[in-house]
Amino acid sequence: METEQKRFDSGDLPALRRILCEQGLLSRPDGSASWIQGDTSVLVGIYGPTEVKVSKEIYDKATFEVLLKPKIGLPGVYERSREQMIKKTCEAVVLGTLHPRSSITIVIQVVTDAGSLLSSCLNATCMGLVDAGLPMNSLFCGVTCALDADGNITLDPAMKQEKEARAVLTFAIDSAEKKILMSNTKGSCSVEELQQCIAASQRAADTIFQFYRDSAHRKYSKW
Amino acid sequence: MPLDHRRVPGPEESQSPLLFVPSSAQDGEAPPAQEASRDPTALQPLFARVGLLSQAKGSAYVELDGGTKVLCAVAGPREAAGGGGGGGGEPRGRLVCEFRRAPFSGRGARSRPGEREPELSLALQEALEPAVRLARYPRAQLEVSALVLQDGGSALAAALCAAGLALADAGVELYDLVAACALCRPPSGGEWLLQPREAEERAAAARLTVALLPSLNQVAGLLGSGQGGAPDSWAQALRLALDGCQRLYPLLRQSLLRAAKRAATAEPSEEEDAAEAPAATTGT
Amino acid sequence: MAAAGGFRTVEPLEYYRRFLKENCRPDGRELGEFRTTTVNVGSITTADGSALVKLGNTTVICGIKAEFAVPPVDSSNKGYIVPNVDLPLLCSSRFRPGPPGEEAQAASQFMADVIENSQVVMKEDLCIVDGKLAWVLYCDMICLDYDGNLLDACMCAFLAALKNVQLPAVSINEETGLAEVNLKEKTPLTIRKEPVAASFILFDSLLIVDPTAEEEDLATGTVTIVTDEEGKLCAVHKPGGSTLTGAKLQDCISRAVTRHKEVKKLLDKLIKSKKAK
């Protein structure tokens, strides 16, 4: 089941770290995925569409719930805000109107955080949604860029690079039009730098989508 | 102190800088002589404004000259939460009250935002219940929430006045408006003071808050604590408070009238529109 | 009028689209128009700094209380800034009573992120004695009336309240080693950057500025851009929602820069008039 992608070194694109992904590894959830990006590792379980609490029911679409569990301790305000971002990204992509009055719960467990955590969570969520077989209008991926003091862009930074960076930007990009689904920034940067980061992320997104395709292809050709 | 996972965490412990003011400087700050000389029956100038929040069904803001600022909003009536489930339901509506202080409302250290005021919330509820025609709202609940933005003394009394006005603004059927006054008794004995300021309230040996339905002349709520001395003294305090409430009543009425006039001149079609909206929503 | 009200309730999306077709909004604004912004500072005397901001109907009050604490172990020369957004039942019946809900928590984290990103106040400036004593600024933002665009109003209230903060002078008593506070001598904070937020909603590939609560509910996505006075980006916050191209984002940013100038002018005028008194 496991698929692996070697380090990408394509042209002028700074390298992404090694990606490893395994889908459907958990038996209880309706969809699951483990995503390893460099040393960062997250595990996602997806439940749904199932029954929804009456208080949370929405009459014309599915109710999404995202739970982000940190490696240690209880989730706090920080986790809650990341959950909101992932939730709203999924809402835009998954065709929730096909499952009215039902709930889709996404549980993300951080296994190790070694930088680019939010983008790893997004990638893992997307693979989990695919594994759960939920209808989506496009795929999405998360890309993190770090800007150092000289304005150089590092894609998919490790923890140390993130700490030293002047700014860290994370985007979620959709596979249909390569547009921005979600954006989150840490530190301050100029407008030009933002645009450069977006362009770099869009290029990196191609590699990740290729990886998605390869891993799905390999998973189903084994049968 | 248990960690609050729903708020941005701060340091584990912090102290108010007021604790570190050298005692010599503190004496000059609050001259007690000045307080003693005030007329015990004097009311603080009160400012009330009705209907200032856009999202609430009814709202009111009350400000006292001593610095107390209270905002109150009313939501509902809506279907009572819980409690329902098959068996007939309650014949009378329920009043759910919340009394909160903003973390920055007090003079000293910042109060923890999680701290609720169950006692004062209950006092609010008990004092408002006699004023509302709850029998007209079966199986429904009305939510009243009061927020103290700044506590300059007599906060509960101000909240009661604001709540009464907000209920009236929301169009809730009432027997009467609610007027309320606070009193306190200085530690030296002496006379009860009407509508104390924050410094007086802090020093007081006994406190009393009285809520009155002024035109019916019925006491709706009474909350007292502390060493008040002889029973006669409490009776005297009550008389003082009732007199104070009666004097407040015209002020509150005026503010309601002002708001009604404002609404009538600004948007005559608003009434019609508002009447239309609930009719359309009850069907769903 | 009554018929229009019914249409609004039954078909809110269609109702809204009809307005957009004519390039205006139900409240009479153009698509790129902000609501009237009013700021009032220093009204809460129990706080060390306070501000009340009204953005149309949306009202946010920010009160800042300064207290003493021991600096964090890992950075002994820093103080604390603790921002918290509260959405009480009072501001809108959509919120539940009790501890802060999801939206309030996300807003609190957003404020914390912007404070960290923009360095609006250097945490080093809040240190009094290295490793021993530092200021904690508890910034509590309470929404009093929720009619959309919470983040812009919070940001504005926070900045105005910060400008209003007066910290008492602190000296260390050599004999006892304890701090002594002189309430008569007060100094304002050093504010390094002035972050201002501008929020947009995405609706049928249109960008609409400063949404009301009704518009937010209909929208398919929101974007909030925070810029400082040099036009640098302190936050590009887009929590999901429908997609956006780089060019559209550029449009948002240039509007945010214009908005920054307006808000700064408003705040500067306010501070000046306060000083003149």
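For the pairs C:LYS65/C:LYS238; A:LYS56/C:LYS21; C:LYS232/C:LYS264, flag any whose C-alpha to C-alpha distance is greater than 25 Å.
Violating the 25 Å Cα-Cα cut-off are C:LYS65/C:LYS238; A:LYS56/C:LYS21.
Just in region C:1-77: which GluC sites (Glu not before Pro) are loop by DSSP and have at most 15 other Cβ atoms within 10 Å?
Details: sites: C:GLU14, C:GLU22, C:GLU30, C:GLU33, C:GLU67; in loops: C:GLU22, C:GLU30, C:GLU33.
Here the GluC sites (Glu not before Pro) that fit, given the DSSP loop and packing criteria, are C:GLU22, C:GLU30, C:GLU33.
So, in Å, what gap is there between the alpha-carbon centers of region C:1-31 and region B:145-178?
35
Residue by residue through B:67-73, how many Cβ atoms from other chains fall within 10 Å of the Cβ on average?
Rounded to a whole number, the mean comes out at 4.
For the charge dipole of region A:16-146, defined by +1 on Lys and Arg C-beta atoms and -1 on Asp and Glu C-beta atoms about the Cα centroid, which residue among A:GLY128, A:GLY24, A:ILE108 has the Cα displaced farthest towards the positive pole?
A:ILE108
For C:LYS186, list the aspartates and glutamates whose Cα falls under 13 Å from its own Cα; do not include residues on the same chain fewer than 8 positions away.
C:ASP48
Using a cut-off of 21 Å between alpha-carbon atoms, which lysines can reach B:LYS261, once sequence neighbours fewer than 8 places away in the same chain are excluded?
Candidates past the 8-residue exclusion: B:LYS57.
Among A:176-182, C:71-77, B:53-59, how do they line up from the highest to the lowest mean number of other beta-carbon atoms within 10 Å? Mind showing how you got there, number by number?
Details: A:176-182: 19.4, C:71-77: 13.4, B:53-59: 23.4.
Descending packing order for the listed peptides: B:53-59, A:176-182, C:71-77.
Counting partner chain Cβ atoms within 10 Å of every residue's Cβ in C:107-114, what's the average?
5
Just to confirm my numbers, what's the Cα centroid distance between region A:136-213 and region C:175-198 in Å?
Using only Cα atoms, the two centres lie 38 Å from each other.
Number of Lys pairs in region A:138-221 with C-alpha atoms less than 26 angstrom apart, excluding same-chain neighbours closer than eight positions?
4
Considering every residue in A:188-194, what mean count of other chain Cβ atoms within 10 Å of its Cβ is obtained?
That average works out to 6.
Using helices alone, I'd like the mean residue ellipticity at 222 nm for the protein assembly as shown: each DSSP H run of four-plus residues gives -39500 (n - 2.57), total over residue count, nearest 500.
Rounded to the nearest 500, it is -10500 deg cm²/dmol.
Between rounded, prolate and oblate, where does region C:1-129 land on the alpha carbon gyration tensor, with a ≥ b ≥ c its root eigenvalues, rounded for a/c under 1.5, else prolate if a/b exceeds b/c?
Because a/c hits 1.5 or more and a/b exceeds b/c, region C:1-129 counts as prolate.
Every number in this text was worked out from the coordinates using simple rules, so none of it is lab data. Predicted model only: the values in this text are computed from it and were never measured. In this analysis, Cβ positions are derived from the backbone assuming ideal geometry, glycine residues included, and neighbour counts consider all displayed protein chains.
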